Amino acid sequence: SLCTDHTSQCYQLPVLDTVFVRQSHRRQGIGLKILQDFCSAFSDDEALGISTPISATMYKVCSKYLKTQPQEQARLWEVESPGDWSQRVNVWLQLQLGEKTLESESLLTLLHV
């Protein structure tokens, strides 16, 4: 368990809790670099978390990272405190389901037109 005296939340895995990039520094790959650093810092852990909710922008960062680092796809989870297995959703799976949902919605729209 990863707990500190400074927070009321405890996690059972390393968790990236908050990422904020100033607007003037966005779109420069900083979020991707933070995610890369986080994953490499905990390379021995079998599961890594990103605290819920994950923003749409962070999902884009995760998508880009996981497409270039497929070995990380099974390790990255969206988690609620404390991050027990019942409180985790695989980020890569969420991305795949989201893309399939978008594809299905587009197909349905085309069929109804």
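What to note about this one:
- Residue list for segment 72-97, restricted to those being of a type outside the set (D, E, K, R) and closer than 16 Å to L32 by Cβ: Q73, L76, V91, W92, L95
- Within segment 42-53, the set of residues being among the small types (G, A, S) and surrounded by 12 or more Cβ atoms within 10 Å (Cβ to Cβ) comprises A47, G49, S51.
- Filtering segment 2-18 for residues that are part of a helix (DSSP H, G or I), at pLDDT 85 or above and within 25 Å of A56 (Cβ to Cβ) leaves an empty set.
- The lone criterion from (1) at pLDDT 95 or above; (2) closer than 25 Å to F20 by Cβ; (3) not hydrophobic (A, V, I, L, M, F, W, C) left unmet by Q73 is number (2).
- Qualifying positions in segment 19-69 - basic (K, R) and touching a residue at least 24 places away in the same chain (Cβ under 8 Å): K64
- Every residue from segment 70-83 that is among the aliphatic types (A, V, I, L, M), without any contact (Cβ under 8 Å) to a residue 40 or more places away in the chain and not in a loop (DSSP other than H, G, I, E, B): L76
- Residues within segment 23-47 that are among the hydroxyl-bearing types (S, T, Y) and either touching a Gly at 6+ places or on another chain (Cβ under 9 Å) or at pLDDT below 95 (or both), tallied: 2
- Residues of segment 43-69 satisfying the condition of being over 13 Å from the mean Cα position of the chain (by Cα) and in a helix (DSSP H, G or I): T68
The values are calculated or read from the model by the stated rules, or taken from the named source; none is laboratory data. Treat the numbers as computed from the prediction; the structure is a model and nothing was measured. FYI the Cβ positions are ideal-geometry reconstructions off the backbone, even for glycines, and counts take in every protein chain you see.
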